[in-house]
């Protein structure tokens with residue numbers, strides 16, 4: 001027997017019972033080969049550390065949601081501006097170009113407001129990282145803004161009767177106006193889609209689960225918003241391309257949202273149908289359907305066209321804000337992180353995939 005200075009702090013040991021024959025017992029039951037032993041620890045049901053979120057919610061405010069919406073308006077308007085340029089519709093061209101410049105300007109203000117300081121945006125332009133959606137998106141936004149600003153400046157100069165103090169630059173502006181419209185339209189698609197890639201590239205459960213279909217949703221939403229705005233601001237005689245884009249946008253938006261919800265894990269898709277986000281997305285679908293129907297049946301009537309355009313514009317805004325809110329809600333609840341992971345793990349094991357870094361042999 002050994003003695004230690006800490007023996008006095010040890011609790012007393014329970015007395016051992018004597019077996020028949022005078023031997024002390026160990027207090028254990030005879031369990032044979034040990035195969036019938038009861039588990040000492042129950043099967044764990046993991047949620048998260050003290051119920052806290054597993055992933056950190058994105059530190060973005062509604063300024064970012066506004067940027068998502070305004071970027072879509074700007075992108076679609078640039079395409080309509082090019083359509084008016086190519087088809088000889090000067091009013092549509094002018095209104096679409098000015099709409100694109102206004103939307104991208106207010107979107108840039110919202111983005112800088114969320115960043116906190118304007119120089120943070122400029123810092124992202126010091127280099128380009130092709131694997132970073134934010135880095136690539138900064139360059140897309142910058143290139144799009146240049147073409148939009150030049151083409152819109154030409155429209156403003158034309159509206160004021162060539163009264164802008166441009167001097168000899170007026171001839172240069174008129175020469176580059178057409179190419180600038182093409183350049184803005186070239187970056188319109190990437191501008192409408194890159195924000196969806198940016199959201200899907202995060203660890204936010206609902207955004208990440210929708211990363212394959214979300215770009216289609218955002219591009220369709222951009223078509224809704226820009227076409228709706230053009231139908232409000234442009235006479236019906238020149239709004240033919242806007243009406244066609246509106247119908248395509250409605251079909252694309254409804255189909256993309258349905259496909260996205262169907263392909264996502266049912267658990268992680270819940271935030272799209274519940275709470276504040278669920279209400280916004282439900283009304284978005286209703287307004288898109290109403291605006292599309294009004295465009296088809298009465299789009300050549302000025303009042304009906306304006307009302308339909310307003311419905312489409314609101315539907316697009318609700319889509320962007322609804323998806324944004326759904327992602328933030330999914331990050332706050334650990335259930336939307338853990339249960340889809342467990343479902344994917346069970347599916348891989350059921351398929352016999354047990355030897356990689358995700359699963360372990362059962």
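Rule-based calculations on the coordinates, nothing more; no lab input. Values in this document were obtained by computation on a predicted structure and should not be read as measured data. Note: ideal-geometry Cβ built from the backbone for every residue, glycine included; neighbour counts use all protein chains shown.
Ordered by packing density, taken as the mean number of other Cβ atoms within 10 Å over each peptide's residues, highest first, how do 271-281, 166-176, 293-303, 216-226 rank?
216-226, 271-281, 293-303, 166-176
State, to one decimal in nm, how far the label point of residue 263 lies from the label point of residue 172, with both points 7 Å from Cα in the Cβ direction.
With each label point 7 Å from Cα toward Cβ, the separation is 4.7 nm.
What percentage of all Cα-Cα pairs in segment 154-234 are separated by more than 20 Å? Intermediate values should be presented prior to the final figure.
Working: 1825 of 3240 pairs.
More than 20 Å apart: 56 percent of the Cα pairs in segment 154-234.
Regarding segment 57-346, what whole-number volume in Å³ per residue does the convex hull of its Cα atoms give?
127 Å³
For residue 297, project a label point 7 Å along Cα to C-beta. Then give me every residue of segment 310-333 with its amide nitrogen under 15 Å of that point.
none
With label points built 7 Å along Cα→Cβ from the Cα atoms of residue 87 and residue 62, find their separation and express it in nm.
Between residue 87 and residue 62, the simple spin-label model gives 3.6 nm.
Which length gain, in nm to one decimal place, applies between residue 162 and residue 274 when the Cα-Cα distance is subtracted from 0.36 nm times their residue separation?
34.9 nm
Ordered by packing density, taken as the mean number of other Cβ atoms within 10 Å over each peptide's residues, highest first, how do 70-79, 251-260 rank?
Details: 70-79: 29.9, 251-260: 18.2.
The packing order, highest mean first, is 70-79, 251-260.
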